[in-house]
Amino acid sequence: MNPVTLLIIGGGGRGSGYSTYATEHPDLAKVVGVAEPREIYRNRLVETHNIPAENVFTDWKQAAQRERFADAVIIATQDNMHADPAEAFANLGYHMLLEKPMAPNEADCRRIVAAAIENKTIFAVCHVMRYTAYTRRLKAVIDSGAVGEIVSLQHLEPVGYWHQAHSFVRGNWSNEAKSSPMLLAKSCHDLDWISYIMGAPCKSVSSFGSLYHFRKANKPDGAADRCLDCPVEADCPYSAKKIYLGRFEREHTGWPVNVLTPDVTVEGVTEALRIGPYGRCVYECDNDVVDNQVVNMLFEGGRTASFTMTAFNEAAHRKTHIFGTRGEIYGDGSKITLFDFLTDTTEVIDTDAADASILGGHGGGDYGLMQSFIAAVGANDPSKIISGPTETLESHLMVFAAEQSRRENSVVDVARASRP
């Protein structure tokens, strides 16, 4: 079988990360095109994958003017730049891997789903948490009946103090108008995962959340607008010097350090902190997304789930507690601890999910996603995808309903939510 050929739309961290599957498995996948406006990132992909000049573009629209020249497209642009290319490439007959979230509003989500279904596109959204070894094993334990019927579930996403500062205060997902709400940008993963584990439709939601800490009112006395100039920087846990130069000194030159600049040297990182967005004081940014949020969910049949997203912790695996009629499960993203009510015994299952590589990201979910997508396209078998258009739309509607609830201070019926 010939390798599945790929066109990459957006050559940043996610697009280039997914493309590494082709370098690791050249017999299964091959990158044959790229559209990326930034020269350095574009050229890096060209050189890595030996992409021919006629398939190199500065804008996705240029690639969409051509007849289809690859089996599939990976769309990894910013959140609010997904809908138009997704619709265009579906209409051209490309199979598609789309970075999450699908889009920041219901209308664009439905437009993408309609295009994928109409064109019989093998379509996957990057809800990578579904594809981890941990989730696959957890789902198998639940489906075996080991805990009976799930009655309720608690799920925590510990974003991490420095990750919040990097991505959601200083970074690309800090401002709703420029990207999307925090719950959509960061935690649609989690509501999708909860829906998958519960295995039933979500009926209604309530949600509360706020931007509690990363505000001008909390700026320390005497603090400067940039960390490199700040006399109190050494006493700030969110210091850009600590987060980026500190990691560089420990020889951690991948994400998040390589997001600042393609020149990952001490000089390059320092200059990026001096003039770029990641060197700003976290109390002097244009961020407006929440730094903490809770969501309560009522599922069909009266079952319930609760979700907490918070910045104020050590970045770590998600933590989940599942309560069933015959047992309970505690999971930490790697280990599954199962307590059986009948025998009063405890079993610990270690899924060994830790992997620091780019395709090992999200507990190996990035690799699992690419493996499933390439296999689905290669075999023309969409059943290998477990994050397709219908299930993804359902979990996105949960997010939109939760955001409506947070803004209106109300309980919202998911089926009747008025979405942005």
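The values are calculated or read from the model by the stated rules, or taken from the named source; none is laboratory data. Note that the structure is a prediction, hence the values are computed from the model and not measured. Virtual Cβ from ideal backbone geometry, glycine too; neighbours counted across all protein chains shown.
Residues of region 268-317 that are among the charged types (D, E, K, R) and either surrounded by fewer than 22 Cβ atoms within 10 Å (Cβ to Cβ) or not assigned by TED's automatic domain parsing to the domain that holds residue 148 (or both): 271, 274, 280, 284, 286, 288, 300, 303, 314. If you filter region 174-191 down to residues that are aliphatic (A, V, I, L, M) and assigned to a helix (DSSP H, G or I), you find that the one that is surrounded by the fewest Cβ atoms within 10 Å (Cβ to Cβ) is 185.
When you check residue 204 against the structure, is it surrounded by fewer than 18 Cβ atoms within 10 Å (Cβ to Cβ), in the same structural domain as residue 333 (by TED's automatic domain parsing), of a type in the set (Ser, Thr, Tyr) and within 18 Å of residue 293 (Cβ to Cβ), yes or no? No, not satisfied. The criterion of at least 2 residues that are under 30 Å from residue 131 (Cα atoms) is met, among helices (runs of 4 or more DSSP H) falling completely within region 192-282, by 257-260.
Report the residue count in region 240-274 for those that are among the hydroxyl-bearing types (Ser, Thr, Tyr) and touching a Gly at 6+ places or on another chain (Cβ under 7 Å). Can you show your working first?
As a first pass, look at region 240-274 and keep what is among the hydroxyl-bearing types (Ser, Thr, Tyr): 244, 253, 261, 265, 270.
Now restrict to residues that are touching a Gly at 6+ places or on another chain (Cβ under 7 Å): 261.
Qualifying residue count for the region: 1.
Within region 111-124, residues that are at pLDDT 95 or above and crowded, with 20+ Cβ neighbours inside 10 Å have Cβ atoms under 8 Å from residues that are of a type in the set (Phe, Trp, Tyr) and assigned to a helix (DSSP H, G or I) in these pairs: 122/373; 124/373, counting only partners at least 6 apart in sequence or on another chain. Does residue 58 meet the test of being surrounded by fewer than 16 Cβ atoms within 10 Å (Cβ to Cβ), outside the structural domain of residue 261 (by TED's automatic domain parsing) and touching a His at 6+ places or on another chain (Cβ under 8 Å)? No.
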